[in-house]
Amino acid sequence: MEREQVIIVRYCEIHLKGKNRGYFEQVFMNNLEKALAGVRHEIRRPSGRYVVENFDGSRTEEICERIRKVFGVHTLSVGIKTGADLDEIFEEVVRIAPDSGTFKVETNRADKHFPLNSVEVNAEIGGRLLGKNPSLKVDVREPQCVLHIDIRENGTALVFRDIIKGAGGMPVGTAGKGMLLLSGGIDSPVAGYMIAKRGMKLECVHFHSYPYTNMQAREKVEELARILAEYTGGLTLHVVSVTHIQEEIHKKCPEEMMITLLRRFMMRIAERLSLETGAQCIVTGESLGQVASQTVEGMTSSNAVIKTMPVLRPLVGFDKTEIIAKAREIGTYETSVLPYEDCCTVFLPKHPLIRPKLDKVEAAESLLDVQGLIDEAFAGIEAVQF
Amino acid sequence: MEKIYLDNAATTRPDQKAVEAALSYLEENFYNPSALYKEGFSVRKDLEKARKEIVSCISDSGKYDMIFTSCGSESDNQAIFSAARRGNFVTTEGEHAAVFSAAAELARRGTEVRYAKLNPDGGVNEGDLLSKVDKDTSLVSVIHVNNETGAVNDIAGLAEKVKKIAPRALFHSDGVQAFGKIPFRLSGAVDLYSVSAHKIGGVRGVGGLFRNKSKNLFPYIFGGGQENGLRSGTENTFAIMQFSAAAKKKFSSLDGDLARIRGYNRLFRSLLDEKIFQVMSSEEASPYILSISARGLRGEVLQHMADDAGVLVGTGSACSSRNRYSRVILACGADEKTADGVLRISFSAQTTEEACRCAAAVINRCAAELWERTK
């Protein structure tokens, strides 16, 4: 008989949250529901875990993949639902058991009225399995395979084997909202991922300089936002043109200050957007020393324009290779390395300033109509929902 | 506002009359031409008639035949992988990517590939080409009209000279930008010739590979044995019939179109702001393609600005760290700054004088503005 598949979802850290636990669980549940939007399913919440049921068995893999990306998911397993009956349970255990090697049976008995206790179920099912397949051996310390049996309170049992690692972290939405500077490179999506993993909801802002950059570059950033949105349960991307700002800096300020000054404009715009959208901090993908503008002096210069909120730089201590590995893992790398320029090289200085002095930066900036340029950039802002 | 379209070397607007003439092959005459019932056979007959008509446009159908492919690129690939089977393959630095990348793949598989240098106008340097051919050469491929500069190669003459050095070699030419645009008939020395429908008012999805009947061609796509076993796959009858109607129309007005477009090309050159633009195409180039460069500006940025002002043109550069400069323009001897500023204006039979005047004014204005903004 073909029995129903279920997915068992275990969460992490939420149990640490004491009195707030109910709130965390509710947000987590909502995020799971969002991740499974458009797919037939039901989520139940027996003690200490979530069980997804009543879905189309041919889409199990896709559903697992969606759940795996929800922050707060510690692990998940695909199980089979049987009656709380030893014969039925054994039938399914045989199906998922390996052909040879070592194993152990691990039972969790929520239904305390079940005639055998957990240890007795382990022994009974393990014994029957050994009898049926002599090439198997029991090893309770380091088994090659663990066969799980979960006897539930409603007269059913779940049988499963593999444990799939989830994204970990905290449910998105339980740690406020941040404004991520999303450039199109490798780092910024990873920074967004890292911070969302700690439960922060994201808005993104992307700066472009059309006509110096092209539609493909914009398309690429939208694709990155779409990938990030799978982890964050949706997000808004704000697209801002900095073309005129770059032209003005190019005309009026020392060539080597282009990046330093542009970063300050980006920060100001991000702060104002944060205040308008309820974001409480700015998140960037900077990593100390990675490029000329990412020095501690560079960060001082860009931090100096932010008055009302912190700037979080989750990748500050990461090596490029570590960031690349993470980008590959979360699926943004392939898109990030598409070769479209995001900040046109027409304006890139040959020798950018590595250690900008704040007073000199401010003096150079005083030649610009900062407020006017920011207002102009805001007038043309576009928001895209993912 | 309808935009002015001057990127006809990329693709042309499908000829509506030709679409209407072929529509029945999407509707009541939808049958598979390989089917043995009367309906299928009738479509087969129409398809063969269309083939003959296209072949006759540029060759003697007693000497040449043609297989239908899906596009010019497929024709080029089939020619190269079919014919470059031994010895060395000689081609030029001015080829379309369909030949250039196929050559790179051949080299990767172990065939020796030799590239002939270009003249400053983008045409192949004849002396260099012939010096690379020897008795072991199995295939020579030279583009007929360069798709970036419009330079016309004398492929009939080159083919004759190649054959004197390497009598067993085959000569192929990518004729995608020449077919239906410049007067030309295949001589016996050109063995294989690629064409594409959508550059002359056809729809995308069909191309052709002409073949000198006395020469062998090998299949590239295997399957049901269509096209005499040389190109399997159910024929795209609608696109083929539409191609045939569009070609017939284009060839009937070829000389008149050419004279008119030569006039537009001259007009365009004369209208360009010579303080900013340098003309890359030579006077002898196909008038359908006009390559210009605003040295010091970036072609793609100009292209975006012209687009916003209602004029669509092609470009030789890109805001991309890969393929930043056109390899063909660099091979003409241009420096990177010149290559970076290239725009490609390409005309079609539908282009009007008014569109040329307006587009030239827009391009001048955009370039002047960009100078101002970035100086």
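Quick notes on this structure:
- With at most 14 other Cβ atoms within 10 Å, longest stretch of chain B clear of loop GluC sites (Glu not before Pro) (DSSP): B:29-273
- Residue pairs, from the table B:LYS45/B:LYS215; A:LYS19/A:LYS69; B:LYS3/B:LYS181, whose Cα atoms sit over 28 Å apart: none
- Dipole in debye (nearest 20) - the range A:38-78, about Cα centre, beta carbon charges: Lys, Arg +1; Asp, Glu -1: 200 debye
- Contact order for the range B:253-374, expressed relative to its length and based on alpha carbon pairs under 8 Å spaced 6+ residues apart, stands at 32 percent.
- Listed from fewest to most Cβ neighbours within 10 Å, the set A:MET179, A:MET29, A:MET194, A:MET200 follows the order A:MET29, A:MET194, A:MET200, A:MET179.
- Cα gyration tensor, chain B - rounded (a/c under 1.5), prolate or oblate: oblate
- Charges were assigned to the Cβ only: +1 to each Lys and Arg, -1 to each Asp and Glu. The resulting dipole of the range A:270-363 about its Cα centre is roughly 240 debye.
- Space enclosed by the convex hull of the alpha-carbon atoms of the range B:247-288, per residue, Å³: 72 Å³
- Each other residue within a Cβ distance under 12 Å of B:PHE243 adds +1 if Lys or Arg and -1 if Asp or Glu, for a net charge of +3.
- For the listed peptides A:160-167, A:93-100, a ranking on the average number of other beta carbons within 10 Å per residue, highest first, reads A:160-167, A:93-100.
- Restricting the calculation to Cα atoms, the range B:335-375 yields a radius of gyration followed by a Dmax of 13.0, 38 Å.
- Cα gyration tensor shape of the range A:177-385, rounded if a/c is under 1.5, else prolate or oblate by comparing a/b with b/c: rounded
- Principal-axis tilt of helix A:243-252 within chain A, Cα atoms, nearest 10 degrees: 40 degrees
- For the protein assembly as shown, size of Cβ-based charge dipole, Lys and Arg +1, Asp and Glu -1, in debye: 840 debye
- Under 5 Å, built H, 5+ apart or other chain: amide partners of A:LEU180: A:GLU203, A:CYS204, A:VAL205, A:VAL283
- Nearest-0.05 FRET efficiency for B:LYS63 and B:ALA368, computed from C-beta distance (R0 60 Å): 0.65
- Dipole of the range A:177-385 computed with +1 at Lys/Arg Cβ and -1 at Asp/Glu Cβ about the Cα centre; of A:ALA217, A:THR284, A:ILE195, farthest Cα towards the positive end is A:ILE195.
- With a 10 Å cut-off around each Cβ of A:205-213, the average count of Cβ atoms from other chains is 4.
- The residues neighbouring A:HIS113, those whose beta-carbon lies less than 15 Å from its own, together hold a net charge of -1 under the Lys/Arg +1, Asp/Glu -1 convention.
- For a straight C-alpha distance cut-off of 25 angstrom, the lysines reachable from A:LYS360 (same-chain residues fewer than eight places away being disregarded) are A:LYS251, A:LYS252, A:LYS307, A:LYS350, B:LYS375.
- Peptide B:301-314 has a mean shielding of 2, counted as Cβ atoms of other protein chains within 10 Å of each residue's Cβ.
- Here A:HIS250, A:HIS208 are placed in order of increasing Cβ neighbour count within 10 Å, fewest first, which gives A:HIS250, A:HIS208.
- A simple spin-label model places the labels of A:VAL119 and B:ASP308 7.7 nm from each other, with each point 7 Å out along Cα-to-Cβ.
- Ordering A:PHE55, A:ILE151, A:PRO356 by the projection of their Cα atoms onto the charge dipole of the protein assembly as shown, which places +1 on the Cβ of Lys and Arg and -1 on the Cβ of Asp and Glu, puts A:PRO356 at the extreme positive end.
- For the range B:327-352 and the range B:283-298, distance of Cα centres in Å: 5 Å
- Degrees, to the nearest 10: B:38-58 long Cα axis against longest axis of chain B: 50 degrees
- Beta bridges by DSSP in chain A, antiparallel share as percent, to the nearest 5: 50 percent
- Shape category assigned to the range B:86-132 from the gyration tensor of Cα positions, a/c cut at 1.5: oblate
- Of all DSSP beta bridges confined to the protein assembly as shown, the antiparallel ones make up roughly 55%.
- Chymotrypsin sites (Phe, Trp or Tyr not before Pro), loop per DSSP, at most 16 other Cβ atoms within 10 Å - longest free stretch of chain B: B:38-221
- Taking other residues whose beta carbon is less than 12 angstrom from the beta carbon of B:SER253, and scoring Lys, Arg as +1 and Asp, Glu as -1, yields +2.
- Computed over the protein assembly as shown, Cα set: Rg, Dmax in Å: 33.6, 98
- Antiparallel content of DSSP bridges confined to chain B, in %, to 5: 55 percent
- Fully extending the segment from A:ALA363 to A:LYS112 would add 82.9 nm, taking 0.36 nm per residue of separation and subtracting the current Cα-Cα distance.
Here, each number is a calculation from the coordinates, and none is a lab measurement. Please read these numbers as outputs of a predicted model, since none were measured by experiment. Every residue, glycine as well, gets a Cβ built from its backbone with ideal geometry; the counts of neighbours run over all protein chains shown.
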